[in-house]
Amino acid sequence: MGLSGGELDRMAMAVLQPGFEGTEPPAWLRRALGEGLGGVVLFARNVARNVIRDADGLDGTAALVAELRRERPEVVVAVDEEGGAVTRLEAAGGSSWPGNLALGVAGDESLTRRVARQIGRMVASAGVTLDYAPVVDVNADPRNPVIGVRSFGSDPQEVGRHGAAWIEGLQSAGVAACAKHFPGHGDTVTDSHLALPAVRASREVIERRDLPPFRAAIAAGVRAVMCGHLLVPAVDALPATLSRAVLTGLLREELGFDGLVVTDAIEMRAVAALHEPGEIAVRALAAGADAICVGVSSARGESVYALRDAIAGAVREGRLAEERLAEAAGRVRDLAAWYDARAGARAAVARDADEGLGLAAATAALRATPAEQAAAPLTKAPLVVHLAARPSQAVGRATPLKLGQAIEEILPGTATADVDDDGHLPDLSEAGRPLVIAVHDAVRHAWMRRLLDEALRARPDAVVVETGVPGPPAGRLYLATHGNSTASARAAARWLTGGV
């Protein structure tokens, strides 16, 4: 091709999707967009807490995105909006929608499709191009610290069916979906934000268990796939993000995906411990990635320009083929063009509110043991003890309505106590006050199971509510919500109280 220096720099800029600080575009970001920056990723830190209208009448995040598009109309604006535990646009109060595991347990693909369409409605109203969702990892190991309730379940076929329905629902709203985390993050016990996980399964098991949901996502027309920072020795000795065997051989050639491949955030320790950011970007592009997600940028954007320079330098040195970079930049443009062509779908979904759907979907996922429990167990204000570990970095700072708060909306006078792995149980002996113990992923935390056992010895009449991946039922009554969204908390509170 023989690109000039300026053309090469613009092409290198086109494949970057950085995050930034604040609820307004900083000066460096405006400049970078003018110089060809292809994408931006939004986090909770970018979502204004107050409604602030600009001159065009846009409010909050929509006003921010409109400013970005004034600088570069074709910019790809991405966000992690999965519903359930992972939300950015509703981070202040938690998601109005149950997460994937709840939808999988409800078992109704049409319900999954409707929920995803409404998430698409919310995302579209903010002007977002690309939603980094859904998670189509098969949660093969219940000890998994980062997937859990973000997965539709442990059955590959069910995950595939619900993943496809979610993609169809979201994309019907005119927003691009992104299946993640290829080739499958479900069979790990390591959080890739902290270290490099390894999937030690055989190639046969990976083919049978982990790949079917991605095949279903591709068949459903998913516009993007996010690769996971995973070591999969059965396929390659390199992490998937840096592996041509995974991204080109497996995803492109074997599964036939021809859309946008985006990396998970490259500052995650799984890959950041191996190489400098620029080298990660170059190797990922050479392996077959098209867009480089960078969650954290320096205050003045120097880190983004350093990535641009590393990519352009690698082309000049012959370590990254110019044709490969051009192909990647072209796929970014293709995604932007797909979004532009679906303005009509976004206009239609804006008039398509489905009131009460989030609560109904969360209610459909509730499962009680014993199943024959008929009467609502709470008739007076209880003490609700929350046993919960610190959220993973994937969840971020989302603050869903807790079960105790949801019950207090119905039964004023409800008391709550939060206990973490360093804490102790409060006094459980108050006469006449029912006790509810809310746990999250107790199957993964020995300290949580120990405190739960201690509480049940003191109060065998306690009700136990599991908001994560269920384990063996405990207590007189065990209620599994299969998620910890605000919608799930309100559904559980209504069930426990009979909505009195």
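Quick note: the coordinates plus some simple rules give every number you see, no bench work behind them. Predicted, not measured: the structure shown is a model, and the values here were computed from it. Using ideal geometry, Cβ is built from the backbone for each residue, glycine included, and neighbour counts are taken over all protein chains shown.
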(message) So for the chain, averaging the separation of alpha carbon pairs under 8 Å that are six or more residues apart and normalising by length, what relative contact order in percent results?
(response) 17
(message) Taking 56 Å as R0, compute the FRET efficiency from the Cβ-Cβ separation of Glu7 and Ala417 and round it to 0.05.
(response) 0.35
(request) Using Cα pairs closer than 8 Å and at least 6 residues apart in sequence, work out the relative contact order for segment 17-151, in percent. (result) 23
(message) Full-extension gain between Arg450 and Ala321, please, as 0.36 nm times their residue separation minus the C-alpha to C-alpha distance.
(response) 40.8 nm
(message) Output the 0 to 90 degree angle, nearest 10, between the alpha-carbon long axis of helix 486-497 and the longest principal axis computed from the alpha carbons of the chain.
(response) 10
(message) Between 0 and 90 degrees, rounded to the nearest ten: what's the tilt of helix 446-458 against the longest Cα principal axis of the chain?
(response) 20
(message) Projecting each Cα onto the charge dipole of the chain (Lys/Arg +1, Asp/Glu -1 at the beta carbon, about the Cα centre), which of Ser172, Ala133, Ile407 comes out farthest on the positive side?
(response) Ile407
(request) Report the antiparallel proportion of the DSSP beta bridges in segment 176-272 as a percent, rounded to a multiple of 5. (result) 10
(message) Could you compute the net charge surrounding Ala314? Neighbours are other residues with a C-beta less than 14 Å from the C-beta of Ala314; K and R count +1, D and E count -1.
(response) -2
(request) Could you point to the residue in Cys293, Ala417, Gly432 farthest towards the positive end of the chain's charge dipole, with +1 and -1 charges on the Cβ of Lys/Arg and Asp/Glu respectively? (result) Gly432
(request) Specify, per residue and in Å³, the volume enclosed by the convex hull of the alpha carbon atoms belonging to segment 316-361. (result) 114
(message) Give me the base-10 log of I(q)/I(0) for the chain at each q in 0.06, 0.07, 0.13 Å⁻¹, Debye formula, one uniform scatterer per Cα, rounded to two decimals.
(response) -0.28, -0.37, -1.20
(message) Just to be sure I understand the model, the point goes 7 Å from the Cα along the line to the Cβ. What's the resulting Val443 to Ala198 distance in nm?
(response) 2.4
(message) Once you order the gyration tensor axes a ≥ b ≥ c over the Cα atoms, which shape class does segment 283-371 get: rounded for a/c under 1.5, otherwise prolate or oblate by comparing a/b with b/c?
(response) prolate
(request) Any chance you could list P(r) for segment 332-439, counting all Cα-Cα pairs in 5 angstrom bins from zero, rounded to whole %? (result) 2, 8, 12, 14, 16, 13, 10, 6, 6, 6, 4, 2, 1, 0
(request) Please report the relative contact order for segment 269-351, taking Cα pairs under 8 Å with a sequence separation of at least 6, and give it as a percent rounded to a whole number. (result) 33
(request) Quickly work out the Ser429-to-Glu253 label distance, labels modelled 7 Å from Cα along the C-beta direction, and quote it in nm with one decimal. (result) 7.1
(request) Let me know the shape class of segment 242-304, please: from the alpha-carbon gyration tensor, a ≥ b ≥ c as square roots of the eigenvalues, rounded when a/c is under 1.5, otherwise prolate if a/b is greater than b/c, or oblate. (result) prolate
(request) For segment 294-376, state which GluC sites (Glu not before Pro) are in a DSSP loop and have at most 11 other beta carbons lying within 10 Å of their beta carbon. (result) Glu355, Glu372
(request) Only bridges with both residues in the chain count here: give the DSSP antiparallel percent, nearest 5. (result) 15
(request) Give me the angle, in degrees from 0 to 90, between the Cα long axis of helix 302-317 and the longest principal axis of the Cα atoms of the chain, rounded to the nearest 10. (result) 50
(request) Quick one: work out the % antiparallel among DSSP beta bridges in segment 362-500, nearest 5. (result) 15
(message) Can you tell me how segment 94-176 classifies by the Cα gyration tensor, rounded, prolate or oblate, using a/c under 1.5 as the rounded cut?
(response) prolate
